[in-house]
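Asks: Dumping the structure here so I can ask a few things about it.
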Amino acid sequence: MIAMRSEDEMIAYALETHTALLPYLPELLADLEELGGNAEAITSVLDDLNLTKSTTVVDLGCGKGAVAVKVAQGLNLNVLGIDLFEPFIESCKELAERQDVSGLCHFIHGDILKLLGKIEPRDVAIFAALGDVLGPLDQTVSVIRQYVKPGGYMVISDGFIKDGGSSDFPGFEQYAEHTDMIARLTACGDTLVREVIVADIIDRGEDEMIATRAKVIAARRPEIADEILTYAEMQAAEYEYIDKNFVSAIWVLKRSL
Ligand SMILES: C[S@@+](CC[C@H](N)C(=O)[O-])C[C@H]1O[C@@H](n2cnc3c(N)ncnc32)[C@H](O)[C@@H]1O
């Protein structure tokens, strides 16, 4: 069963915060384009699939558009980005314009659960850094695969717990070690065609940028200062946690017929 969360709760969960902080997220994350997905690595993985020029791509939970725009720019492909947080859709459009790929990118505001069956399946679906917002990985794949034509590809940027590592960190409780995660990934009968381990996921600069923004907002809005500063601290703690306990991976699944 898919986790029952409201739309705001899904956005907040995927961005590791509370709904009360949603109005501040555009400012808190203003210095970041990528929100977890590694645009360059995902584009390179897609490039290796030798896709034709007519390949269509959907980026599910595209955030601020970093991955969608990079794929459009690097591979000259048409990309549809979908995200539930409306302010990010504006950022996506601005980014596509700045990078001169507005003609290749289209962005819509919406919930990937509610849009199921309403969007024509693409050749490739990207699902980058949304974690388990839709539930455990097998449930997540059961949603993603509905956005992909039979025989098409799902590119999932997520990861697994290191051997002997801990899943005892908020948002990681449902994660498991490699064998279990691969079993969940392929539970719908799709074929894992590639696994890329992403070693350089930790960008030490990002948590500092968030912390700097948090201090500015906290000074301006004392009534929410504690929550904002705690968010920044949790982001830094998560980087530490990931570094010690988590392996980031990009998986390419070929949808069964
Ligand atoms: C951590 S961000 C990752 C964004 C982007 N994929 C990237 O790597 O930069 C997760 C995104 O998922 C979006 N999201 C969460 N639940 C969603 C849903 N049900 N439908 C569409 N977008 C969703 C959030 O709004 C957020 O922008």
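Asks: Taking the convex hull of the Cα atoms, report for region 121-244 its projected area averaged over all directions, in nm². Present the calculation step by step, with values, prior to reporting the outcome.
Replies: On the way: hull surface 36.7 nm².
For the Cα atoms of region 121-244, the hull's average projected area reads 9.2 nm².
Asks: Would you work out the charge dipole size for region 150-212 about its Cα centre, treating the Cβ of every Lys and Arg as +1 and the Cβ of every Asp and Glu as -1, and quote it to the nearest 20 debye? It would help to have the intermediate numbers written out before the result.
Replies: Details: 4 positive and 13 negative charges, 58 e Å.
Roughly 280 debye, rounded to the nearest 20.
Asks: Okay, moving on. Suppose we look only past 14 Å in the calculated P(r) of region 80-133. What percent of the Cα-Cα pairs does that tail hold? Show your work: numbers first, answer last.
Replies: Details: 866 of 1431 pairs.
Of all Cα-Cα pairs in region 80-133, 61 percent lie more than 14 Å apart.
Asks: How far is the Cα center of region 1-56 from the Cα center of region 77-146, in Å?
Replies: Taking the Cα centre of each part, region 1-56 and region 77-146 sit 8 Å apart.
Asks: Sticking with this structure for a sec: So, with a 1.4 angstrom probe, what is the percent of accessible area on the chain that is carbon and sulfur? Each step should come with its number before you reach the end.
Replies: Details: 5950 of 11870 Å².
The value for the chain is 50 percent carbon and sulfur by accessible area.
Asks: With a 1.4 Å probe and all protein chains kept in place, how much accessible area does C188 have, in Å² rounded to the nearest 10?
Replies: The value for C188 is about 50 Å².
Asks: Among bridges DSSP assigns within the chain, what percent are antiparallel (round to 5)?
Replies: Numbers: 16 of 37 bridges.
Of those bridges, close to 45 percent are antiparallel.
Asks: Taking only the alpha carbons of the chain, what extent do you get along each of the three principal axes, in Å, biggest first?
Replies: Largest first, the chain extends 55, 45, 33 Å along its Cα principal axes.
Asks: OK, next. I'd like to check one number: the per residue accessible area of region 1-112, probe 1.4 Å, reported in Å² as a whole number.
Replies: Numbers: 5040 Å² over 112 residues.
Heavy-atom SASA per residue in region 1-112 reads 45 Å².
Asks: Please get the size of the charge dipole for the chain, origin at its Cα centre, with Cβ charges of +1 on Lys and Arg and -1 on Asp and Glu, quoted in debye to the nearest 20.
Replies: 980
The values are calculated or read from the model by the stated rules, or taken from the named source; none is laboratory data. No experiment lies behind these values; they were computed from the predicted model shown. Every residue, glycine as well, gets a Cβ built from its backbone with ideal geometry; the counts of neighbours run over all protein chains shown. Please note that ligands, DNA and RNA were not included when accessible areas were found on the heavy atoms of the full protein model with its side chains. Shrake-Rupley method; radii C 1.70, N 1.55, O 1.52, S 1.80 Å.
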